[in-house]
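Participant: The following block contains the structure, expressed as structure tokens.
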Amino acid sequence: MCEAFGVSRPVVREAMSRLHADGVVETQRGAGSFVRLRRDAELFKLAPIGGLPELLRCMELRSAIEGDAAYLAASRRTDEDLEEMRAALDELAQAIETRQIGHAADLRFHQAVAVACRNDLFANCLQALSTQIFDFMRVMRSLALSSTHARLRMVQDEHVQIYRAILEEDPDRARQAMRQHIANSKSRTLADTVAT
């Protein structure tokens, strides 16, 4: 490995140590080190968002993943899925009325859509992004809370449009509503960043 990568032995040892700590490789006494077939779920957790560029990249990924999740949810959702989405919307409405942040309810709604698409990979991917998404939603809803009540209602209306498209089994409209919601969130983020 030293020759192949043009590095010293201590560099290889440090790299192997980090891979071992992350659960990517395992060492068997007398046999050597091997790449693990099943990596821990922790490996897929992303680092917290460190700034606006990382946040915007996260939103691009969300648009792709959550847009298609909404598309699939519109044709695969169950009554239980709709109840979970509706409960999250009710929590969001309550947060607006009581002037609370409501970021947990916001995330709950998005996770309910991912579950409703009936593909665990979408829900797992959203779960892997949940730290970043949760932090982002908390910041954005805090900013919205300090702004007008109309802005909070606008964000809520975007969620309702997603819900209605899924309820009415309209995949294209569901995808568009989700992507528009995330694009609007991005625009609001940039506007708030420029304003501060």
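The values are calculated or read from the model by the stated rules, or taken from the named source; none is laboratory data. Just so it is clear, the structure is predicted and the values come from calculations on it, not from any experiment. Note: ideal-geometry Cβ built from the backbone for every residue, glycine included; neighbour counts use all protein chains shown. When the accessible area is computed, the model is the full protein with side chains, heavy atoms only, and any ligands, DNA or RNA have been set aside. Shrake-Rupley method; radii C 1.70, N 1.55, O 1.52, S 1.80 Å.
Participant: Kindly indicate the residue of region 69-80 that is assigned to a helix (DSSP H, G or I) and surrounded by fewer than 19 Cβ atoms within 10 Å (Cβ to Cβ) and also farthest from the chain's Cα centre (by Cα) among those meeting that condition.
Facilitator: Within region 69-80, the match that is farthest from the chain's Cα centre (by Cα) is D79.
Participant: Within region 92-105, is even one residue modelled with pLDDT of 75 or more, among the hydroxyl-bearing types (S, T, Y), open to solvent by 50 Å² or more (accessible area, probe 1.4 Å) and assigned to a helix (DSSP H, G or I)?
Facilitator: No - not one qualifying residue is present in region 92-105.
Participant: Ok, one more. Which one is farthest from L82 (Cα to Cα) among residues in region 169-186 that are among the polar types (S, T, N, Q) and open to solvent by 70 Å² or more (accessible area, probe 1.4 Å)?
Facilitator: Q180
Participant: Out of region 138-174, which residues are touching a Gly at 6+ places or on another chain (Cβ under 9 Å) and modelled with pLDDT of 95 or more?
Facilitator: Correct list: A174 only.
Participant: While we're looking at this one, here's another question. Got at least one residue in region 112-124 being modelled with pLDDT under 95, buried (at least 18 other Cβ atoms within 10 Å of the Cβ) and assigned to a helix (DSSP H, G or I)?
Facilitator: Taking every residue of region 112-124 in turn, at least one turns out to be modelled with pLDDT under 95, buried (at least 18 other Cβ atoms within 10 Å of the Cβ) and assigned to a helix (DSSP H, G or I).
Participant: Looking at G50, is it of a type outside the set (V, I, T), open to solvent by less than 60 Å² (accessible area, probe 1.4 Å) and modelled with pLDDT under 90? Lay out the reasoning, then the answer.
Facilitator: Numbers: of a type outside the set (V, I, T): yes; open to solvent by less than 60 Å² (accessible area, probe 1.4 Å): no; modelled with pLDDT under 90: yes.
For G50, the condition - of a type outside the set (V, I, T), open to solvent by less than 60 Å² (accessible area, probe 1.4 Å) and modelled with pLDDT under 90 - is not met.
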